[in-house]
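Below: one structure, written as structure tokens.
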Amino acid sequence: MTCGLPTFATAYGGPAEIIVHGVSGFHIDPYQKDKAAEILVGFFEKCKEDSTHWDKISQGGLQRIYEKYALLLLFLWLSMRRAVAMDRLFEAAAAEESLEDGPN
């Protein structure tokens, strides 16, 4: 999904929560082979009929990722920046301490 490719994933577990069937990807039941084949073939037939269908599903997937995870990614990014800032602060404090101690 994050690569912009239409996604076909199992209808169970995490993918079921992320994918909106037919909008941001497709749910496939691995135990129903004929139904899975119908979904795949249907997608490619629709792409053949409508040259924008691939892009619609791709954009739907990217939008879904953004909606579900943008705040989480922002939080992680801010946390990493804070950790780097704290490391630099500790390094500066240690360097200052060693200057105050003078040469050995």
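Before moving on, here are some points about what is shown:
- So L40, is it touching a residue at least 12 places away in the same chain (Cβ under 8 Å), out of contact with any strand residue (DSSP E or B) (no Cβ under 6 Å at 6 or more places or on another chain) and among the aliphatic types (A, V, I, L, M): yes
- The set of residues from segment 46-56 being closer than 26 Å to Y12 by Cβ and exposed (fewer than 12 other Cβ atoms within 10 Å of the Cβ) is empty.
- When segment 22-34 is limited to residues that are in a strand (DSSP E or B) and closer than 13 Å to G60 by Cβ, the one that is farthest from the chain's Cα centre (by Cα) turns out to be F26.
Table: residues versus (1) within 14 Å of the chain's Cα centre (by Cα); (2) of a type in the set (D, E, K, R); (3) open to solvent by 50 Å² or more (accessible area, probe 1.4 Å).
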| residue | (1), (2), (3) |
| --- | --- |
| G14 | yes, no, no |
| V20 | no, no, yes |
| A36 | no, no, no |
| I39 | no, no, no |
| L72 | yes, no, yes |
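- Residue check, W77 touching a helix residue (DSSP H, G or I) at 6+ places or on another chain (Cβ under 6 Å), surrounded by 10 or more Cβ atoms within 10 Å (Cβ to Cβ) and assigned to a helix (DSSP H, G or I): no
The values are calculated or read from the model by the stated rules, or taken from the named source; none is laboratory data. In this text the structure is predicted, and so the values were computed from the model without any measurement. Here Cβ is always computed from backbone atoms with ideal geometry, including for glycine, and neighbour counts include all displayed protein chains. Calculation scope for accessible area: heavy atoms of the full protein, side chains included, ligands and nucleic acids excluded. Shrake-Rupley method; radii C 1.70, N 1.55, O 1.52, S 1.80 Å.
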